[in-house]
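Trainee: First the structure, then my questions, so here it is.
The values are calculated or read from the model by the stated rules, or taken from the named source; none is laboratory data. Predicted, not measured: the structure shown is a model, and the values here were computed from it. Here Cβ is always computed from backbone atoms with ideal geometry, including for glycine, and neighbour counts include all displayed protein chains. Note: accessible area is taken over every heavy atom of the protein model, side chains too, but ligands, DNA and RNA are not part of it. Shrake-Rupley method; radii C 1.70, N 1.55, O 1.52, S 1.80 Å.
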Amino acid sequence: MKQATISDQISIVWNRLPLILRSVLTGFMVSSIGIAIWTLMLLKIAAPWSVLPMIIALWAYLKFFSGGRRATKISPSVWRRSITAALLFVIIVQASFVITFRLVDFPAEKFIADYKILDSMPLWIAFTVIIMRSIVAGICEETGFRGYMQAPLEKKYGPSGAIIITSVIFMLIHLNHSWAFPILPHIFFASVLLGIIAYKTGSLIPGIVGHSILDIFDYSVWWSNITGGFHMQTIFKTGIDVHFIVWNMVFIFALFVFFRLMRQISVE
């Protein structure tokens, strides 16, 4: 009888683990690999020169992980609706931030604590780093979480269960950031919307687009002072004003259209 190799034994042990544990570990590792590469490049190669090798690394990352267990091509009709939904996702999350920080004081120091280095860079270099960092997060987190984590869970727990499990993990892995605790519900909510997009379209591409654009806004407006930051007072100091009413209307309208689009998309 052929003796099992170490790799065979590891495979046996791995396959005996519950699906939920395998999916969570795989998704987390896939996501972390790309982000770790970008972090290492920033440490070893001065910005903005670190962007060029990272583009090559992202190309290799996408080739290796091959669509994150989801389709790499979607039909033109689904593409139009899904990209619109991705842009609405950005508006929804940004509106939720504005509304929240009109209800409670914006903790500016907590939000910029992790990324103060951006404020010390020349503006064009800071934006170059922000755009690259946002694309890295969009690609790697969507591939890891909505791909390698959520997709296998959908088969056992259904889309709702898979999206909730993935979103809880997605929320928890952001706790290492100083800005995370005040917006934990927003992180969970954003992950749910991205999970819906991935499931309904059967692709990671729309979520990557939305996630990347969202992070560009987050880094520029909320996590640094390079665009001036957020300085609106709460409505308990100013009273309910036009600014607050408009952002609530934007949030409700964008959310309504988002779910309407999602109902029109069928997984092919």
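Trainee: Residues to consider are 116, 110; find the one that is of a type in the set (D, E, K, R), closer than 22 Å to residue 181 by Cβ and in contact with a Pro (Cβ under 8 Å, 6 or more places away or on another chain). Steps first, please.
Mentor: Working: 116 fails: in contact with a Pro (Cβ under 8 Å, 6 or more places away or on another chain).
Exactly one residue qualifies, and that residue is 110.
Trainee: Search region 209-230 for residues being open to solvent by 30 Å² or more (accessible area, probe 1.4 Å) and of a type in the set (A, V, I, L, M), and hand back the single one that is nearest to residue 125 (Cα to Cα).
Mentor: Only one residue fits best here, namely 226.
Trainee: For region 192-209, name all the residues that are small (Gly, Ala, Ser) and either modelled with pLDDT under 95 or in contact with an Asp or Glu (Cβ under 9 Å, 6 or more places away or on another chain) (or both). Don't jump to the end; show me each part of the working.
Mentor: We begin by selecting, within region 192-209, every residue small (Gly, Ala, Ser); these are 195, 198, 202-203, 207.
Matches in region 192-209: 198, 202, 203, 207.
Trainee: Could you check residue 233 against (1) more than 25 Å from residue 105 (Cα to Cα); (2) open to solvent by 50 Å² or more (accessible area, probe 1.4 Å); (3) touching an Asp or Glu at 6+ places or on another chain (Cβ under 9 Å) and say which number it fails?
Mentor: (1)
Trainee: Here is a list: 25, 58, 40, 19. Which entry is within 21 Å of residue 151 (Cβ to Cβ), of a type outside the set (S, T, N, Q) and without any contact (Cβ under 8 Å) to a residue 60 or more places away in the chain? Quick ask: steps written out before the conclusion?
Mentor: Working: 58 fails: without any contact (Cβ under 8 Å) to a residue 60 or more places away in the chain; 40 fails: within 21 Å of residue 151 (Cβ to Cβ); 19 fails: without any contact (Cβ under 8 Å) to a residue 60 or more places away in the chain.
It is 25.
Trainee: Just to be sure I understand the filter: pairs with C-beta atoms under 7 Å, separated by 6 or more residues or on different chains, first member in region 170-194 and closer than 24 Å to residue 229 by Cβ, second member basic (Lys, Arg) and at pLDDT below 95. Which pairs pass?
Mentor: Matching pairs, first to second residue: 178/110; 179/110; 182/110.
Trainee: Across region 103-126, which residue is nearest to residue 237 (Cα to Cα) among those that are of a type in the set (Asp, Glu) and touching a residue at least 40 places away in the same chain (Cβ under 8 Å)? Spell out how you get there, then give the answer.
Mentor: Here is the first cut: in region 103-126, the residues of a type in the set (Asp, Glu) are 105, 109, 114, 119.
Retained after the next criterion (residues that are touching a residue at least 40 places away in the same chain (Cβ under 8 Å)): 105, 114, 119.
Values: 105: 10, 114: 29, 119: 29 Å.
Going through the qualifying residues, I end up with 105.
Trainee: Can you give me the ranges of the helices (runs of 4 or more DSSP H) entirely in region 114-210 with at least 1 residues that are on the phi > 0 side of the Ramachandran plot? Walk me through how you get there before you give the answer.
Mentor: Details: elements: 116-119, 123-141, 150-173, 184-201.
Output list reads 150-173.
Trainee: Of all residues in region 49-78, which are buried (at least 19 other Cβ atoms within 10 Å of the Cβ) and among the aliphatic types (A, V, I, L, M)?
Mentor: If the condition is that a residue be buried (at least 19 other Cβ atoms within 10 Å of the Cβ) and among the aliphatic types (A, V, I, L, M), then 51, 54, 74, 78 are the ones that fit.
Trainee: Scan region 9-25 residue by residue and report those that are open to solvent by less than 70 Å² (accessible area, probe 1.4 Å) and either under 23 Å from residue 171 (Cβ atoms) or of a type in the set (Phe, Trp, Tyr) (or both).
Mentor: Quick first cut of region 9-25, residues open to solvent by less than 70 Å² (accessible area, probe 1.4 Å) only: 11, 17, 19-20, 22-24.
Scanning region 9-25 gives 17, 19, 20, 22, 23, 24.
Trainee: Do we find that residue 216 is at pLDDT 95 or above and outside any helix (DSSP H, G or I) in this structure?
Mentor: Details: at pLDDT 95 or above: yes; outside any helix (DSSP H, G or I): no.
When the stated conditions are applied, residue 216 does not pass them.
Trainee: What residue, of 73, 63, is outside any helix (DSSP H, G or I) and either over 29 Å from residue 230 (Cα atoms) or aromatic (Phe, Trp, Tyr) (or both)?
Mentor: Values: 63 fails: outside any helix (DSSP H, G or I).
One residue alone meets the criteria, 73.
Trainee: Which one of these is farther than 23 Å from residue 73 by Cα, of a type in the set (A, V, I, L, M, F, W, C) and open to solvent by less than 10 Å² (accessible area, probe 1.4 Å): 198, 180? So that I can check it myself, show each step before the final result.
Mentor: Values: 198 fails: farther than 23 Å from residue 73 by Cα.
Step by step, each of 198, 180 is checked, and only 180 is farther than 23 Å from residue 73 by Cα, of a type in the set (A, V, I, L, M, F, W, C) and open to solvent by less than 10 Å² (accessible area, probe 1.4 Å).
Trainee: Go through 239, 228 for me and flag whichever is free of Cβ contacts under 8 Å to residues at least 60 places away in the same chain, under 30 Å from residue 129 (Cβ atoms) and over 15 Å from the mean Cα position of the chain (by Cα). Show your work before the answer.
Mentor: Numbers: 239 fails: under 30 Å from residue 129 (Cβ atoms).
Exactly one residue qualifies, and that residue is 228.
Trainee: Restricting attention to region 79-105, report how many residues are among the hydrophobic types (A, V, I, L, M, F, W, C) and either touching a Gly at 6+ places or on another chain (Cβ under 8 Å) or open to solvent by 40 Å² or more (accessible area, probe 1.4 Å) (or both). Give the derivation first.
Mentor: Keep residues of region 79-105 that are among the hydrophobic types (A, V, I, L, M, F, W, C), which gives 79, 83, 85-93, 95, 97-99, 101, 103-104.
If we keep only those that are either touching a Gly at 6+ places or on another chain (Cβ under 8 Å) or open to solvent by 40 Å² or more (accessible area, probe 1.4 Å) (or both) too, we end up with 79, 85-87, 89-91, 103-104.
Here the count works out to 9.
Trainee: Does region 127-162 hold any residues that are touching a Leu at 6+ places or on another chain (Cβ under 6 Å) and surrounded by fewer than 22 Cβ atoms within 10 Å (Cβ to Cβ), and which are they?
Mentor: 156, the sole residue that qualifies.
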